[in-house]
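Down below is the structure, laid out as structure tokens.
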Amino acid sequence: MTARARTPEPFEPGLIPAPGELLVWKHHEHFDRWRDLPCVLCTKATPMRSHRGEPVHKVCAEGWIAAHPVQAREGRFASDISRKRGKTDDDHA
């Protein structure tokens, strides 16, 4: 029995959560294991990255969405697309 080649998961932004809801960042591209950079929102070091590659803590991005609901619609911070259903996953575990 041969192993099937694994196709890479899409690393695309999905839905923008409503203010006060959590972002779903499960894709490995959100984590840079080699470098911590200053968060664009709080300036403390973080290995986390947004879909656009910005260094940002997930909690800082969620706070920014809550504080800037109109600008958040432009998609600066968004949840991952679920591979199975083509939409965001509701599992925040």
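The values are calculated or read from the model by the stated rules, or taken from the named source; none is laboratory data. What you see is a predicted model; the values in this text were computed from it and never measured. Cβ placement follows ideal geometry from the backbone for every residue including glycine, while neighbour counts extend to all protein chains displayed.
Scanning segment 49-71 for residues that are touching a helix residue (DSSP H, G or I) at 6+ places or on another chain (Cβ under 6 Å) and without any contact (Cβ under 8 Å) to a residue 24 or more places away in the chain turns up just one, Arg49. Within segment 23-48, being touching a helix residue (DSSP H, G or I) at 6+ places or on another chain (Cβ under 6 Å) and either modelled with pLDDT under 95 or hydroxyl-bearing (Ser, Thr, Tyr) (or both) holds for Leu23, Trp25. Across segment 27-41, the number of residues qualifying as surrounded by 13 or more Cβ atoms within 10 Å (Cβ to Cβ) and in a loop (DSSP other than H, G, I, E, B) comes to 6. Being touching a Leu at 6+ places or on another chain (Cβ under 9 Å), surrounded by fewer than 17 Cβ atoms within 10 Å (Cβ to Cβ) and at pLDDT 90 or above: is that true of Gly53 here? No.
A count restricted to segment 28-47 and to residues that are farther than 15 Å from Ala61 by Cα, out of contact with any Pro (no Cβ under 8 Å at 6 or more places or on another chain) and not aromatic (Phe, Trp, Tyr) stands at 2.
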